[in-house]
Structures are given as C-alpha cells and as structure tokens.
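Only one structure is covered here, and it is reproduced in the block below.
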Amino acid sequence: MLATINDLLDGKKIPSLDGVQMSALLHYLFTSASRTLRIQIAEIAYREHDHPNALDLFLACTLPLAQKVAERKATKIFLCPSDWQVELMYDGAVNSMISVFQRNCTLMPGTDGFQRYIGRALSTGAVRSYFMRQEYEGVRCVGNVATMPTRKKPVRNTVERDIITRELLEQVTSFPHLPGPVLATLQCITALGPDTALKEHAYTASGDPDKWERERGRRPILDPDVIAEAMGIRKRNVHRYLRRARVILREAFNADGKLFLTH
C-alpha cells in the first residue's frame, strides 16, 4: 500500500491496478488515510478526470472530509445537532463533491488552490442543503421578534394541491347527476385543456381595470367562443350550460362554501 501511494504521489498519475489492488487502495483512503493525503490524492484524481477510476478515488478521499465538515458545521450552528441535521448536511456536502468532479473546472493558481476550492464547496454544500429545504422558504432574520405579526400564511404543498385538483376535476367531469349537454360541455373543456379553453379576464368599462389588476392580479376565465366552436353550438348555449353546471356542482361539492377557502 505504501509503495502504491508513493508511486501515485510521485508520478501525479493514477497507477494501473487490478480490481483487488484498487479496492484495497480505496478502502485505505476512505477509512485510514490522513486529511493531507486525501486532499493530495483527490487533486490527482480530479486532474485525471477521464481515468476510469478517477471518480472512485476522488470520492474515497472527499467523502470522509464531507463527514467531518458536516459534523463541524452542524455543531457550530446548532450546538447539539440531531443525527438528522448532521445527515442532511452530509448529504449536501456529498452532492457538492459530485458536482465539483462533474463540472471539472480549471483550478486556481497556487499550491493550495485545490484545497481551498473543495473546502469552500464542502462548507457551502453542507449549509445550503439544510437551509434550502421547502419548510425554510421565506424564513428571514429580524431584529425584534415582537414586531413580527403572529399570523402566518400556511405552507402550501403544491404536489398535494395538484393531486387534489386532478381528482376533483375527474369527479366533476364524471358527475352522474349532470344533464347530458352540461356534462358534454365540461368534458369538452377538459379535452381542450387550459392552454386552449382559457383566456385572460376581460375588463368592463364600468370598473377600474388598473386598480383591479394591481390589487388582484390577472386571472384566467373560460373562453366561451372557443368552447362553442369546438362543440359546434352557439355561444349562448355554452353560457347556459355552464350556468347550470355551476348550480349543480356548487350544491354537490361546495354547499358550505369552504372548498376553496384560504386562510
């Protein structure tokens, strides 16, 4: 093992090793090598980017470093960190090392350029992985907590909302108590899709469109002309069918008015 490592450091090249020898080298670097040796060999593997064993050597040297950085950062930030917090930071540091190797950027000049490069990448990856989670979205530091409003907007789970919306759409377009023409109108809207069946809200002369747009934002509405053309019926019939659909569906799905209530 000592001879192999000396050859690697002296030649600045990854030596030709069989599977057993390479496995033994990786195991030694991952479990027993010093920090200095790991950084030296990781730099050689980084520069030998196209070698078949370059990534294995690079990760065998940098993953133990990622573990140390995660533990140090977690202890510094949380004092008594949980295993989950350390694991999350470790995962971020590992992903950062994989990205560093894949990008294969040109190293900065200087004897310690590589060490500073991966040190910064490890620290940034560990911290970013933790604080960029969805539950921390919108979190910010304040000088006086007492000045902050106590009421907070709920965190919206967009995936769950999309699933609920899709299921509700399927129930609405197959509701058995809708008259035939009304059901056909809803199914036609579904077939057209939002890009075709919707248009932007049309403002009337009686209102204040600038104020409405500033306060509420633009919103889409159904386009009766497109729906009528697709169904081969008159526009007024589309309006009539949609009006009947709203009455029936509101009573069936939103009788108490709380289905789309926001807090």
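The values are calculated or read from the model by the stated rules, or taken from the named source; none is laboratory data. Computed from a predicted structure; not experimentally measured. Positions of Cβ are generated from backbone atoms using ideal geometry, with glycine treated the same way; all protein chains shown enter the neighbour counts.
Miscellaneous remarks
Each row is one residue, and each column tells you yes or no for (1) surrounded by 11 or more Cβ atoms within 10 Å (Cβ to Cβ); (2) assigned to a helix (DSSP H, G or I); (3) under 34 Å from the mean Cα position of the chain (by Cα).
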residue	(1), (2), (3)
Glu160	no, yes, yes
Ile163	yes, yes, yes
Leu168	yes, yes, yes
Val172	yes, yes, yes
Phe175	yes, no, no
Val182	yes, yes, no
Thr185	yes, yes, no
Thr190	yes, yes, yes
Thr196	yes, yes, yes
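- From the options Lys13, Lys73, residue that is charged (D, E, K, R), touching an Asp or Glu at 6+ places or on another chain (Cβ under 7 Å) and either within 21 Å of Thr124 (Cα to Cα) or touching a residue at least 24 places away in the same chain (Cβ under 8 Å) (or both): Lys13
- Residue that is modelled with the lowest pLDDT, among those in region 97-134 that are of a type in the set (D, E, K, R) and more than 21 Å from Leu37 (Cβ to Cβ): Arg133
Table: residues versus (1) farther than 24 Å from Ser129 by Cα; (2) in a helix (DSSP H, G or I).
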residue	(1), (2)
Leu17	yes, no
Leu26	yes, yes
Leu37	yes, yes
Phe58	no, yes
Leu88	no, yes
Gly92	no, yes
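- Applying a threshold of 6 Å to beta carbon distances and a minimum spacing of six or more residues, or different chains, the list of pairs starting in region 52-65 at a residue that is without any contact (Cβ under 8 Å) to a residue 60 or more places away in the chain and crowded, with 23+ Cβ neighbours inside 10 Å and ending at one that is β-branched (Val, Ile, Thr) and in a helix (DSSP H, G or I) reads Cys61/Ile41.
- Residue in region 26-39 that is closer than 11 Å to Phe101 by Cβ and either crowded, with 20+ Cβ neighbours inside 10 Å or free of Cβ contacts under 8 Å to residues at least 24 places away in the same chain (or both) present: no
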